4 protein chains.
Amino acid sequence: MVIVIQCTDQIGLVAKISGLLAEEKFNILSMHEHVDKSANLFFMRLEVDKQSNGVLEQKLHQLLPPDALVKVNPNPEKRIIVLVTKEYHCLADILIRNYFKTLGASVQCVIGNYTNLEDICKRFDIPFYHIAFEGSSVDAENQILDTIARYEHDYLVLAKFMRILSPGFVGRFPGKIINIHHSFLPAFAGANPYKQAYERGVKLVGATAHFVTDDLDEGPIIAQQIISADHSLTAADMMKAGKEIETAVLAKALRVVFDDRVFIYKNKTVVLE
Amino acid sequence: MVIVIQCTDQIGLVAKISGLLAEEKFNILSMHEHVDKSANLFFMRLEVDKQSNGVLEQKLHQLLPPDALVKVNPNPEKRIIVLVTKEYHCLADILIRNYFKTLGASVQCVIGNYTNLEDICKRFDIPFYHIAFEGSSVDAENQILDTIARYEHDYLVLAKFMRILSPGFVGRFPGKIINIHHSFLPAFAGANPYKQAYERGVKLVGATAHFVTDDLDEGPIIAQQIISADHSLTAADMMKAGKEIETAVLAKALRVVFDDRVFIYKNKTVVLE
Amino acid sequence: MVIVIQCTDQIGLVAKISGLLAEEKFNILSMHEHVDKSANLFFMRLEVDKQSNGVLEQKLHQLLPPDALVKVNPNPEKRIIVLVTKEYHCLADILIRNYFKTLGASVQCVIGNYTNLEDICKRFDIPFYHIAFEGSSVDAENQILDTIARYEHDYLVLAKFMRILSPGFVGRFPGKIINIHHSFLPAFAGANPYKQAYERGVKLVGATAHFVTDDLDEGPIIAQQIISADHSLTAADMMKAGKEIETAVLAKALRVVFDDRVFIYKNKTVVLE
Amino acid sequence: MVIVIQCTDQIGLVAKISGLLAEEKFNILSMHEHVDKSANLFFMRLEVDKQSNGVLEQKLHQLLPPDALVKVNPNPEKRIIVLVTKEYHCLADILIRNYFKTLGASVQCVIGNYTNLEDICKRFDIPFYHIAFEGSSVDAENQILDTIARYEHDYLVLAKFMRILSPGFVGRFPGKIINIHHSFLPAFAGANPYKQAYERGVKLVGATAHFVTDDLDEGPIIAQQIISADHSLTAADMMKAGKEIETAVLAKALRVVFDDRVFIYKNKTVVLE
């Protein structure tokens, strides 16, 4: 059973928590904690050897500062809805892991603003909804909300969803929307970043998975990684290489999120692995 | 013997060049070439098995388009001047490789705007000049120019030199000043980038070596690399990790530059390894 | 159009080849060559801008040493047969790329010595043959040969096929069988390498893709890569991490093989990228 | 102040330890712990905000199982003796960090079985002893022991020391000798491993830092890393690349050892970072 705790830091927190668990006869299988001194915040993730007797969460709240966020036995099988545009690489990786039950979550449905990824979803018996973003994006967002409402869901995963969601939409799902996007050293703003990166002769192509906030592409970072590039790559080659690393980075981010290892505060994350 | 060629691309360039070399009884030990289709440019680096008979460069120019840049047997032992501020990591790496004759260049002198790195230079018998940047940077730049003028030099290496050189200064050394700086995904402008990176919770710390142009930190990139980071690193830890990767990236960039593997055009490089 | 050449090295080979191409009005789009001095062998891969007029291969043979291997316009769409046991990760990656036509080859059929991967093949309309290795492996190998004979094929891909193929079988497909296997620093022989790696506390988990020869796990290496590990990983975690890197390394190896970038000689490869 | 603990695992250990620290008014700045379930062992490293009142170690022993190894405030400035042969790269890196006080240890002296590294030591005012391994290695080992005896020392660092130390010698310094050696996938036994690696066409060059035990190159691993290689590297190039990664891996290993982050048990390590 997993227990996650986030609260103001105090002397003796670890002693209190581990003392309670010992008293209640839980054996700690793994414990990761982190203290952010500058923010005076305490983060902990525990795995214990038996299921809760139901009152553990209440007892933890009695021990901990009043601002404590405590989750005892968070839903171990997350449910997700995936949003896509045209690119298949991240979606296919998610569908494969979902099919073989190694995703740590179950895909409820896929929403795409094109239809080209409908067939791959059908092959895996996953409902696909086509919602075009051609006219007003307000209409499209409302259709998405209606569709989402029909399914239980813990997270929305933007698996190369290339439309901008409004602050109003994003604000409904704080800490619940995960995005993957390309990233470079230096960063390139504006259209066609791969072309810009090619013209600048970058020697790296990267990807960043992050939670979505109102500030586009600027939410708390969950995972990042890069692969090397050189002059022999065209802009199209860089895009291909970018897709490989995007797939890997999103997979890594989803693994730690679904495994309850990610804590959000301010505009950053703690990932307790 | 090394031969490097950069010119407008044409059909048959490789045939012409390799034909001439065969005719002149040079055996090609290695040949790397690259064509940038979008810029219609041809780049080649050759190693051949004997020294030039002196007329080879002239014969190559007769064969090649009029815009051709040709270097036959470029100075195999570059001479460099290193500029530093307070941080030792890149300078020490250069001094060690210089001492053991594995730098591919010889350090003529070191110029620092603080004095704390004077002793390490003396231990390696390298002249050190202290030129403060306290008053007018015009004066300081003039002192640097006077000092540089006393030494033969192929390149100026900014090994964590934390002062901004004026366009007038930079303009005197086109393609001859090499800089190393931290870099992140996303990029952070302004003061104290490590603090910004920490506050943003980046999962990577990187470094970029590049030629210096008027556009600060924006010249042609020679080498880039990153190391992984996580929430357990403080801003100070990120800076430490950054130093390790800066040292490695600058060493890599110097190796390829001194080995005549780097071609500059537009705002980018081709590195033929 | 791709041209690949492998032959004894001679002075003037590049001049001869590029001269012929210029004469025949081919424009060279990219050219990679390598000379192994110790083996006195020359390797070249060219991309040119038009299809062969049919006599180019013959003219190349007239120019080149008698031992030359020349392929002009090798089949750009390879056909492959995939062999699997129980693990899905490499197979699924191949099936996805095959479905989206980014594999550079087309999967003809899949042969498995268990049945658990039959369903995923069916979802992609790929024939699956169950051939158990329970009794004599001679019988099983004969069944595989019979099955293979029903399909055109350029390569056999062992995508986590955990049975040993006999020298007789392997000898029928020289340079045509590609395998992926785990690998570690140091190497671990015998059963359950992940358990051994765990007990030794390795800090890396790797994977190697290679051509299969009689010497098990010892054929020419095509691609290798690693990911970091530490004490917090159990043997099962190491195996999971190993699967991610196996998938990536096999994908990379297949890309360069299918793109005619890999040359085999002695017990090694040249990969011209 | 650092506290490190290694003992048989029990329910409630974390509660006991953190309870004692809270009672004694220590604030925990960082805490890392690991439990090896298969070995039933508990490992912990703590940083607390004040120095010990002297009785803390005794109180910890009263709390913990009888087999507990406890170090309260281990010597924060380790003293080391470095053994070298001819290669400079690891030694120079250690001398630089030692000079700038970023090594986390102080170099007492250097022992070399050649004299070529004497000058660099003198430039840093570090005593150098030449002890040849030409005749009996028993004599040479005795000379090393005599030399070592003249200095306080916590660790012996074999910084490319290319002689084999006898079991008798090694047995005197259990967990106190750190070695760096090249490593490959697959591993190569015997002489000239870089030549073997070249002939096998490996795509990686690696390095492993480990504690030395009687079993040559087989002690507990502290750190490992690799860099990519390809066919364009000669055996000499691979050796050069190997030196870069050896330097980086030994530096990393020394950092974690000197920072009291490494625990040894069985034939492996736990590194609590």
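The values are calculated or read from the model by the stated rules, or taken from the named source; none is laboratory data. All values reported here derive from a predicted model rather than from experimental measurement. Reconstructed Cβ throughout: ideal geometry from the backbone, glycine too, with neighbour counts over all protein chains shown. Note: accessible area is taken over every heavy atom of the protein model, side chains too, but ligands, DNA and RNA are not part of it. Shrake-Rupley method; radii C 1.70, N 1.55, O 1.52, S 1.80 Å.
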Checklist outcome for this item: Matching residues in the stretch C:75-88 (open to solvent by 20 Å² or more (accessible area, probe 1.4 Å) and away from chain A (no Cβ under 14 Å)) number 4
Checklist entry - Among (1) of a type outside the set (Asp, Glu); (2) within 22 Å of D:Glu23 (Cα to Cα); (3) at pLDDT below 90, which single condition is A:Lys59 missing? => result (3)
Checklist entry - Of the residues in the stretch B:122-161, how many are within 14 Å of another protein chain (Cβ to nearest Cβ) and over 21 Å from the mean Cα position of the chain (by Cα)? => result 4
Checklist entry - Take the residues of the stretch B:101-143 that are aliphatic (A, V, I, L, M) and free of Cβ contacts under 8 Å to residues at least 24 places away in the same chain: which is most open to solvent (accessible area, probe 1.4 Å)? => result B:Ala132
Checklist entry - Residues in the stretch B:70-89: is at least one over 30 Å from B:Ile120 (Cα atoms) and in contact with a His (Cβ under 8 Å, 6 or more places away or on another chain)? => result yes
Checklist outcome for this item: Filter the stretch C:204-234 for residues that are farther than 30 Å from C:Phe169 by Cα and out of contact with any strand residue (DSSP E or B) (no Cβ under 7 Å at 6 or more places or on another chain); the one that is nearest to the other protein chains (Cβ to nearest Cβ) is C:Thr234
Checklist entry - With respect to the numbered conditions (1) among the aliphatic types (A, V, I, L, M); (2) under 23 Å from A:Glu273 (Cβ atoms); (3) modelled with pLDDT of 90 or more, which one is the sole condition not fulfilled by D:Met31? => result (3)
Checklist entry - Across the stretch D:1-36, what is the number of residues that are among the acidic types (Asp, Glu) and farther than 19 Å from D:Thr269 by Cα? => result 2
Checklist entry - For residues in the stretch D:1-21 being facing another protein chain (nearest Cβ under 9 Å) and open to solvent by 30 Å² or more (accessible area, probe 1.4 Å), which is farthest from D:Phe258 (Cα to Cα)? => result D:Ile11
Checklist entry - Before we move on, is C:Ile94 under 23 Å from the mean Cα position of the chain (by Cα) and either at positive phi or touching a residue at least 40 places away in the same chain (Cβ under 8 Å) (or both)? => result yes
Checklist entry - In the stretch A:30-59, how many are open to solvent by 70 Å² or more (accessible area, probe 1.4 Å) and either facing another protein chain (nearest Cβ under 8 Å) or in a loop (DSSP other than H, G, I, E, B) (or both)? => result 7
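Here's the yes/no breakdown for (1) open to solvent by less than 20 Å² (accessible area, probe 1.4 Å); (2) within 14 Å of chain C (Cβ to nearest Cβ); (3) over 20 Å from D:Phe133 (Cα atoms):
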{"site": "D:Arg163", "(1), (2), (3)": "no, no, no"}
{"site": "D:Ser166", "(1), (2), (3)": "no, no, no"}
{"site": "D:Arg172", "(1), (2), (3)": "no, no, no"}
{"site": "D:Ile177", "(1), (2), (3)": "yes, no, no"}
{"site": "D:Phe184", "(1), (2), (3)": "yes, yes, yes"}
{"site": "D:Ala187", "(1), (2), (3)": "no, yes, yes"}
{"site": "D:Lys195", "(1), (2), (3)": "no, yes, yes"}
{"site": "D:Val202", "(1), (2), (3)": "yes, yes, yes"}
Checklist entry - Just one of A:Phe188, A:Phe161 is in contact (Cβ under 8 Å) with a residue 60 or more places away in the chain and aromatic (Phe, Trp, Tyr); which is it? => result A:Phe161
Checklist entry - Can A:Lys71 be described as surrounded by fewer than 18 Cβ atoms within 10 Å (Cβ to Cβ) and of a type in the set (D, E, K, R)? => result yes
Next on the checklist: Could you go through the stretch C:144-154 and let me know if any residue there is of a type in the set (Gly, Ala, Ser) and open to solvent by less than 10 Å² (accessible area, probe 1.4 Å).
Outcome noted: no
Item to check | Of all residues in the stretch C:235-270 being open to solvent by 20 Å² or more (accessible area, probe 1.4 Å) and within 8 Å of chain D (Cβ to nearest Cβ), the one that is farthest from C:Ser166 (Cα to Cα) | outcome: C:Lys266
Item to check | Any pair with Cβ under 6 angstrom, 6 or more apart, that starts in the stretch D:51-67 at a residue that is over 13 Å from D:Leu13 (Cα atoms) and ends at one that is assigned to a loop (DSSP other than H, G, I, E, B) | outcome: D:Gln51/D:Met1; D:Ser52/D:Asn73
Checklist entry - Any residue in the stretch C:89-97 that is loosely packed, with under 15 Cβ neighbours inside 10 Å and not aliphatic (A, V, I, L, M)? => result no
